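Notes to accompany the following structure.
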Amino acid sequence: MSAVVNVKRVTVPEIRAHKNAKPVVCLTCYHAHTARLLDEHVDLMLVGDSLGMVMHGMENTLGVTLEMMIAHGKAVMRGSKHALVVVDMPFGTYEESPQIAFRNAARVIQETGCTAVKMEGGARIAESIQYLTQRGIPVMGHIGLTPQMIQIFGGFKTQGRTEAEWPAIEADARAVAEAGAFSVVLEGMAEPLATKITREISIPTIGIGASAECDGQILVLEDMLGLNPSPPKFVREYAALGGDIEAAVKAYAADVRSRTFPGAENIYSMKKAG
């Protein structure tokens with residue numbers, strides 16, 4: 001008889017326990033097949049609203065809908081068994097009130113089976129974070145460069161480059177932690193500020209364009225695989241799949257046009273009569 005191995009999924013308390021300990025390994029993920037590849041190696045997969053840009057060719061994340069997030073969240077859950085899965089709450093689904101935030105977040109949890117949601121903002125959404133966590137929905141925070149606010153920022157601009165900006169960002173970090181978030185993403189933030197926040201708040205910080213001192217790191221999967229022709233400065237490319245994919249497609253096209261594909265090994269012959 002073959003043994004059935006039950007894989008235990010990473011929990012929120014386990015992520016919290018990474019504070020001042022072994023760094024949390026996080027990547028974005030949007031589909032089942034990449035979820036299978038990532039699952040053994042990461043602690044947390046984020047179904048980010050960055051999928052609007054990465055998967056759907058949008059200029060920014062503002063056009064992403066709740067239905068899109070749920071569809072991709074379902075796919076990632078189907079492809080994973082180990083990593084904790086967090087789904088982004090898209091623009092317009094949580095800002096109006098804690099009650100609306102809860103209603104939409106509950107739908108995400110119920111329909112995808114994921115563990116937690118992520119919401120952008122600090123003090124301005126602290127009430128909603130507390131409302132959700134008190135009702136059983138774990139929340140990951142996100143401060144610093146928050147892409148859903150790019151119309152206010154005037155683009156994707158690094159935050160905290162002058163010390164005059166620090167107090168408001170530090171206040172956001174404290175508000176998110178005190179409201180009950182189990183972790184917080186620090187994005188596009190001056191390194192000394194990210195380090196200071198990491199040392200001062202009680203929950204794990206997950207850096208992206210922040211500091212190596214953060215309690216964990218996250219990147220967009222397609223960026224680190226070399227599929228983005230113009231990646232941000234904070235990305236380290238661990239592969240160059242963009243060129244490899246183009247070369248493979250070029251070779252395939254040449255084989256089709258020369259009729260060398262399919263070959264004998266790719267076709268089905270007739271069965272011999274009885």
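With the highest mean first, a sort of the peptides 90-97, 123-130 on other beta-carbon atoms found within 10 angstrom per residue produces 123-130, 90-97. Hydrodynamic estimate: the Kirkwood radius of region 149-212 over Cα pairs, inserted into Stokes-Einstein at 10 °C and 1.306 mPa s, corresponds to D of 133 µm²/s. For region 197-250, the Kirkwood estimate of the hydrodynamic radius, built from every pair of different alpha carbons, is 12.7 Å.
Based on protein heavy atoms only, region 1-128 ends up with 48 Å² per residue of surface accessible to a 1.4 Å probe. With all projection directions averaged, the alpha carbon convex hull of region 90-151 covers 4.0 nm².
Rolling a 1.4 Å probe across the protein heavy atoms gives region 223-271 an accessible surface of 89 Å² per residue.
Shown for region 117-274: lysine pairs separated by 8 or more places, or found on different chains, whose C-alpha atoms are under 22 Å apart, numbering 4. Select from GLU120, GLU246, GLU165 the residue whose mean-square fluctuation is largest in a Gaussian network model of the chain (Cα-Cα springs shorter than 10 Å). Its mean-square fluctuation being the largest, the pick is GLU246. Each pair of Cα atoms in region 1-68 enters the Kirkwood radius, and Stokes-Einstein at 4 °C and 1.567 mPa s then converts it into a translational diffusion coefficient of 90 µm²/s.
Positive end of the dipole of the chain (Cβ unit charges, origin at the Cα centre): among VAL184, PHE91, LEU38, the Cα lying farthest that way belongs to LEU38.
Here the chain is treated as a Stokes sphere of Kirkwood radius computed over C-alpha pairs; at 4 °C and 1.567 mPa s its diffusion coefficient rounds to 65 µm²/s. Under the criterion of Cα pairs below 8 Å and six or more residues apart, the relative contact order for the chain equals 16 percent.
Ligands, DNA and RNA left out, the accessible area of the chain computed with a 1.4 Å probe is 55% carbon and sulfur.
The values are calculated or read from the model by the stated rules, or taken from the named source; none is laboratory data. Keep in mind that this is a model prediction, so the values were computed, not measured. Heads up, the Cβs are rebuilt from the backbone with ideal geometry, glycines too, and the neighbour counts pull from every protein chain shown. Keep in mind that these areas ignore ligands, DNA and RNA; they rest on the heavy atoms of the full protein, side chains included. Shrake-Rupley method; radii C 1.70, N 1.55, O 1.52, S 1.80 Å.
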